[in-house]
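The values are calculated or read from the model by the stated rules, or taken from the named source; none is laboratory data. These numbers were taken from a predicted model, which means no experiment stands behind them. Cβ placement follows ideal geometry from the backbone for every residue including glycine, while neighbour counts extend to all protein chains displayed. Each accessible area value is taken on the protein alone, full model and side chains, heavy atoms only, with ligands, DNA and RNA left out. Shrake-Rupley method; radii C 1.70, N 1.55, O 1.52, S 1.80 Å.
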Amino acid sequence: MTISKHLGRGAVALVAIALVAGACSSTGGSAAPASAGASAGASGASGAKPKLMFIAQMNNPSQAFSWKMYQKNADKYGFNVINIDNKNDAQQQTAAINSAVAQKVAAIAINPIDAAGYVPATKAAMAGGTVVCLSMVPAADNAQDGSTCAVSVDDVLGGNTAATAILNAFPNGATGVEIGGQAGHVAANNRHTGFTEGIKGKNIEVLDYKNPKAWGASQAQDIATDMITKYGDKIKFIFTHWDNGATGVINALKAANQSGNAPWTNDVMIIGVDGNKVGFQQVESWPNYSSIAQNAETITSKVMEESKKFLDKDASAVKENIIPFDIINKETIKNFTAPEW
């Protein structure tokens, strides 16, 4: 199960998503299916239902779980689903899109590794009649013509929500740092924009902001360690763009505390984005932790719903779809079911 309120859920707008969110690495080789075949519950002869290909970085936990949700609910929306790993590589991503076209899939669901690099390939796919829907990220301003539809949280709003949480926690002002998501990723860009807008004109000072090369907890830990060394107890909060990255931040704070020279580290407020299993655990274990949660099952289901509508030329199809965030903290966690990813 993904995150769901016990009394029901609504739908939100960052990444993103952002978040997006997760661990990443780049590898070589040609694009090849990470998992392929009919979705759970599919029946009948091969090709009886239109085929949807999910393209994403499959060592990113949020995308691995999203793939699980595509398989779980594909039958409900009338699809057979297959998957190709883009391996966090632009050339692999383009090869995957081209492979989808060659396989004559009806629809592509894609969580792209960049803001607009995928556009030439997806535009070519769309010109041939393939529906392309972004999964967990909105279309960037310079990529509006690169997809048929998009389903995401609003990562700008996610960053803004993080700013609001910090303002509420420090009404008299505070200094802290921001550790972004993967450099260049649309979710990371939008979360940073929203956060910056949210603290503009307020008594909140960001001492430093850095992005890792990938959504890797160890990279977040390295950045946090450097910031702790540089700024010490001036750090009252750390906004980290993804919950798994915040694990690295916690490790860095614990290491500094164990040195005996930084007892202040236990009081640092940490905010992560994703609302995944790790995020839930950190809400419970860290003294002051909040996770801004996106619901992968709701998002992937909406991708399939809208993709099918566009295939059927349904006039009710919507290009931009926003799914609302949930805020998980010590006060609200009891109202939610922890996700699997």
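What to note about this one:
- Screening Val318 on (1) under 17 Å from Val151 (Cα atoms); (2) part of a loop (DSSP other than H, G, I, E, B); (3) in contact with a Lys or Arg (Cβ under 7 Å, 6 or more places away or on another chain) shows it passes everything except condition (3).
- Output for segment 132-160, where each listed residue is crowded, with 24+ Cβ neighbours inside 10 Å and β-branched (Val, Ile, Thr): Val132, Val137, Val151, Val153, Val156
- Qualifying residue in segment 49-61 (condition: assigned to a helix (DSSP H, G or I) and either surrounded by 18 or more Cβ atoms within 10 Å (Cβ to Cβ) or at pLDDT 95 or above (or both)): yes
- Matching residues, segment 293-341, being open to solvent by less than 20 Å² (accessible area, probe 1.4 Å) and among the polar types (S, T, N, Q): Gln294, Asn295, Thr300, Ser301, Ser307, Asn321
- Matching entry among Ala246, Ala220, Ala224, Ala188 (being at pLDDT 95 or above, part of a helix (DSSP H, G or I) and out of contact with any strand residue (DSSP E or B) (no Cβ under 7 Å at 6 or more places or on another chain)): Ala188
- Evaluating Asn142 against the criteria (1) in contact with an Asp or Glu (Cβ under 8 Å, 6 or more places away or on another chain); (2) in a helix (DSSP H, G or I) leaves one unmet condition, (1).
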